[in-house]
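Notes for the one structure printed next.
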Amino acid sequence: MNLNVIVHAGISTGTILLIAAIGEILTERAGIKNLGVEGMMLLGAMAGFKIAHETGNVWLGLLGAIFAGGILSLLHGLVTISFQADQTVSGLSLTFLGTGLALVMGEGLTGLTTPVVPNYTVPILSQIPYLGEVLFTNHNLLTYFGYLLIPISWFFIFKTKPGLHIRAVGEKPAAADTLGVSVYRIRYLYTFIGGCFAGLAGAAISIAISPGWYSHLTTSGQGWIAIALVIFAQWNPTRAALGGYLFGMLRRLLLDLQGPAMLLGGRNPFFYNHNLVFFLQMMPYALTVLALLWGSSGARRKRLGAPAALGEPYVRGERGL
Amino acid sequence: MGLRLEFQKRTEDHPKWLPAATSIGAVLLAFVISGFILKSVGADPLYIYSYFWTASFGSWGSISDVVVKATPLLLIGLGSALSFKMRLWNIGGEGQFYMGAFFASMVVLLPMVNLQTTPKIVVLGLMMVMGMVGGALFGFIPGVLRAKYNINEVITTLMLNYIAVYWNNYWIFGKYSDAGFQMTKMFPKVAWLPRLADYAKQYKFFSGITLHAGVIFGLIAAVIVWIILNKSRWGYKITLIGDNPKAARYAGLDITKNIILVFMFSGALAGLAGMAEVSGVVHRLQERISTSYGFSGVIVAWLAKLNPVAVIIVSILFGALIVAGREIQPSGVSFLIQGITLFLVISSDVLLKYTLRIERTGKHSKSIEPEAALTEEAK
């Protein structure tokens, strides 16, 4: 067990959660809750892997994954924005649909290899003591994309005019509508963008950070963890990033706990009784629940929380639909 | 000449047959759309569908298999229907099923009673109770978190699904493993639910028919849930809280208590399904006793429009999908059909709230009836 390795790996795998969570933040800030992240991620992972395998071009794979996630999310948009269906149920069915599509179209991909998004060491920055080693050395290019995404998405949401429009639509759609902001268009747009991010997050697994196609085990619930992260992060990209990285490190720590025979000066129970590892595997899911519990008390204390119109369909006055 | 679609809010209640019609239409359309998708990946949809039919309804043996697979779907679907009625999204059927199976198995594995001397009916009764306790426990946790801390139950129930699977694995790989295999020893016969095949000596016809008594639990549960929802005061409260929580609060209903109760009831039904599966089908606790029954149960409930009687019919249909989907390639087909079906069902709900008019942008305008609108939507 090496702390540097854990932090390095955590930042790497945390990037997957970070991308998916920031996409979902953009969608939810506009008032649309999309619980289909897991399905969109799996479809993106499959599409990215399949396209990269068949064309031999990893960038086309990434593009295809983004597109696949975006297209799938538009179904959610159609059903919830235009048809005003319940967003929870629609999101769930999106997960089913995405999973089904990915499994059907991904038949026979297991065991194949593809080109992957390359790793890169940033010159100069990687020379910074300690930080250079864990943050800027031999990381996947998508990890650096993640670094850029954090400030950009924060700035976009809180400091720009389009960001203001998103928040207005998510908090008080009727008021935004009065001021000439098209609620429907913005909700469709950011549902689509959220889907694109989820698709990219899927490809970040299958053709970048832990390459391969393992059918539904490829994502293994990370889409759901990303949604929990959004709530925990109180719809703030910076907090989502921190949470994502921490979560990634925890996962790596749990993995590494199984290795050494001695732990903290005593016999390592996970080494001698291998079945206890099942409890380690439970941990990410249990911690997600605990994080939500912790987040919920924090949210109430600070009176921060979900966008006011999250999950509410918007119906314009007399037009009916 | 252009066409324009226009939705108009219904001023009267929709006709009584419309929900059923939209559900049936959604299923049929789902098969058509899945057919096109299968075609596009190079599979032969007509062959797959005809195989589906013979593999599920082709013989008495396969029909019995379908009902066996429909049993957990029925129980979980009923539990989901009850919680959805209150707009509680219990997606934890999978985990509650596993915990039910685990708790029921404990009766045999610990053992809780002397398996040599205790009458079968007592052992089975105890297993049923334990199964329901296990399921209810995994309903209680998300219920409390939702009711007291307002934590999104979709995520907590999903996370608990994973936890339940690992929890089961810990015991079947470890303490209760049968000679290192990932399963426990076969339960003694006293812990088996009666099957039709047990009566093959008297009635030749029953030989090899695996249908077990669990289906009776399902049918009884359907009646109970129907009574709760339609005839009881509790059902009225559940519906009121679901439709209008503010009004329910003003009316002095204890929402916290009801959320927890509904979650536990819903979990208990899924737990009973887990008990029926270990006691009626596999006769041991092992890995992968569920082929995502928990998730399919959610779709069953929704497709049945939360109507307990319709849940029976829909679970048979989905049981057939699972039986036929076991051997078919590509492996995701039944998932795909389920996903598309659910999507079409929720989209078609718009027809219950609105009438669809198609207006020609010329002089004459013409309105069409909703059932025609459903096919129109498909185009």
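The values are calculated or read from the model by the stated rules, or taken from the named source; none is laboratory data. The structure presented is a predicted model; accordingly, all values stated were derived computationally and were not measured. Cβ atoms come from the backbone with ideal geometry, glycine included; neighbour counts cover every protein chain shown. In case anyone asks, the SASA skips ligands and DNA or RNA and just uses the protein heavy atoms, side chains included. Shrake-Rupley method; radii C 1.70, N 1.55, O 1.52, S 1.80 Å.
Observations
- Number of positions in region A:87-122 that are open to solvent by less than 30 Å² (accessible area, probe 1.4 Å) and not polar (S, T, N, Q): 16
Here's the yes/no breakdown for (1) more than 30 Å from B:Pro188 (Cα to Cα); (2) open to solvent by less than 10 Å² (accessible area, probe 1.4 Å); (3) not charged (D, E, K, R):
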residue: B:Lys16; (1), (2), (3): yes, no, no
residue: B:Ala20; (1), (2), (3): yes, no, yes
residue: B:Leu73; (1), (2), (3): no, yes, yes
residue: B:Gly95; (1), (2), (3): no, yes, yes
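- Looking only at region B:224-278, and only at residues there that are within 23 Å of the chain's Cα centre (by Cα) and among the acidic types (Asp, Glu), the one that is most open to solvent (accessible area, probe 1.4 Å): B:Asp243
- Identity of the residue in region B:309-343, assigned to a loop (DSSP other than H, G, I, E, B) and within 12 Å of another protein chain (Cβ to nearest Cβ), that ends up nearest to A:Gly39 (Cα to Cα): B:Gly332
- Boolean, B:Val68 is under 24 Å from B:Ser266 (Cβ atoms) and in contact with a strand residue (DSSP E or B) (Cβ under 8 Å, 6 or more places away or on another chain): yes
- Annotation: A:Ile81 fulfils all but one of (1) open to solvent by 30 Å² or more (accessible area, probe 1.4 Å); (2) hydrophobic (A, V, I, L, M, F, W, C); (3) touching a Lys or Arg at 6+ places or on another chain (Cβ under 7 Å); the unmet one is (1).
- Breaking point among (1) surrounded by fewer than 24 Cβ atoms within 10 Å (Cβ to Cβ); (2) within 12 Å of A:Gly202 (Cβ to Cβ); (3) touching a His at 6+ places or on another chain (Cβ under 9 Å), for A:Leu42: (1)
- Only one of B:Ala247, B:Ala197 that is part of a helix (DSSP H, G or I), touching a helix residue (DSSP H, G or I) at 6+ places or on another chain (Cβ under 8 Å) and under 24 Å from B:Gly61 (Cα atoms): B:Ala197
- The set of residues from region A:199-216 being part of a helix (DSSP H, G or I) and either crowded, with 24+ Cβ neighbours inside 10 Å or on the phi > 0 side of the Ramachandran plot (or both) comprises A:Gly199, A:Leu200, A:Ala201, A:Gly202, A:Ala203, A:Ala204, A:Ile205, A:Ser206, A:Ile207, A:Ala208, A:Ser215.
- Matching residues, region A:72-122, being under 17 Å from the mean Cα position of the chain (by Cα) and away from chain B (no Cβ under 11 Å): A:Ser73
- For region A:244-266, a residue qualifies if it is surrounded by fewer than 24 Cβ atoms within 10 Å (Cβ to Cβ) and either within 14 Å of chain B (Cβ to nearest Cβ) or assigned to a loop (DSSP other than H, G, I, E, B) (or both), and the qualifying residues are A:Arg251, A:Leu254, A:Leu257, A:Gln258, A:Gly259, A:Pro260, A:Ala261, A:Leu264, A:Gly265.
- Within region B:334-351, restricting attention to residues that are touching a helix residue (DSSP H, G or I) at 6+ places or on another chain (Cβ under 6 Å) and aliphatic (A, V, I, L, M), the residue that is modelled with the lowest pLDDT is B:Leu351.
- Just one of the listed residues (A:Ala228, A:Ala308, A:Ala233, A:Ala291) is modelled with pLDDT under 90, small (Gly, Ala, Ser), surrounded by fewer than 14 Cβ atoms within 10 Å (Cβ to Cβ) and touching a helix residue (DSSP H, G or I) at 6+ places or on another chain (Cβ under 6 Å), namely A:Ala308.
- The helices (runs of 4 or more DSSP H) found entirely in region A:54-170 that carry 1 or more residues being charged (D, E, K, R) are A:131-135, A:141-159.
- Yes/no for B:Ala164 being modelled with pLDDT of 95 or more, small (Gly, Ala, Ser) and in a helix (DSSP H, G or I): yes
- Which numbered condition B:Phe36 misses (of (1) outside any helix (DSSP H, G or I); (2) over 15 Å from B:Ile328 (Cα atoms)): (1)
- Just one residue in the set A:Thr191, A:Thr219, A:Thr160 is more than 14 Å from chain B (Cβ to nearest Cβ), among the hydroxyl-bearing types (Ser, Thr, Tyr) and crowded, with 22+ Cβ neighbours inside 10 Å; that residue is A:Thr191.
- Subset of region B:292-310 (residues that are surrounded by fewer than 24 Cβ atoms within 10 Å (Cβ to Cβ), over 15 Å from B:Leu75 (Cβ atoms) and modelled with pLDDT under 90): B:Lys305
- Among the residues of region B:24-60, those identified as within 14 Å of chain A (Cβ to nearest Cβ) and of a type in the set (Phe, Trp, Tyr) are B:Phe31, B:Phe36.
- Qualifying residue in region B:278-289 (condition: touching a residue at least 60 places away in the same chain (Cβ under 8 Å) and within 14 Å of chain A (Cβ to nearest Cβ)): yes
- Any hit, region A:129-140, residues being under 29 Å from A:Gly36 (Cβ atoms) and of a type in the set (Asp, Glu): no
- Unique match (being open to solvent by less than 10 Å² (accessible area, probe 1.4 Å), touching a helix residue (DSSP H, G or I) at 6+ places or on another chain (Cβ under 9 Å) and at pLDDT 95 or above) among A:Ile25, A:Ile66: A:Ile25
- Top-ranked residue of region A:90-108 - restricted to ones that are within 12 Å of A:Gly195 (Cβ to Cβ) and out of contact with any Phe, Trp or Tyr (no Cβ under 8 Å at 6 or more places or on another chain), ranked as modelled with the lowest pLDDT: A:Gly91
- Extreme residue, nearest to the other protein chains (Cβ to nearest Cβ), among residues of region B:291-308 that are under 25 Å from B:Val278 (Cβ atoms) and part of a loop (DSSP other than H, G, I, E, B): B:Ser292
- Test: residue in region B:311-334 that is farther than 30 Å from B:Asp44 by Cβ and surrounded by fewer than 24 Cβ atoms within 10 Å (Cβ to Cβ): yes
- Looking only at region B:85-119, and only at residues there that are in a helix (DSSP H, G or I) and hydroxyl-bearing (Ser, Thr, Tyr), the one that is farthest from B:Arg284 (Cα to Cα): B:Tyr98
- Of everything listed in (1) more than 7 Å from chain A (Cβ to nearest Cβ); (2) open to solvent by less than 10 Å² (accessible area, probe 1.4 Å); (3) without any contact (Cβ under 8 Å) to a residue 60 or more places away in the chain, the single unmet condition for B:Lys175 is (2).
- Taking region A:156-191 as the range and being more than 21 Å from the chain's Cα centre (by Cα) and hydroxyl-bearing (Ser, Thr, Tyr) as the test, the residues that pass are A:Thr160, A:Thr178, A:Ser182, A:Tyr184.
- Test: residue in region B:201-208 that is buried (at least 20 other Cβ atoms within 10 Å of the Cβ) and assigned to a helix (DSSP H, G or I): no
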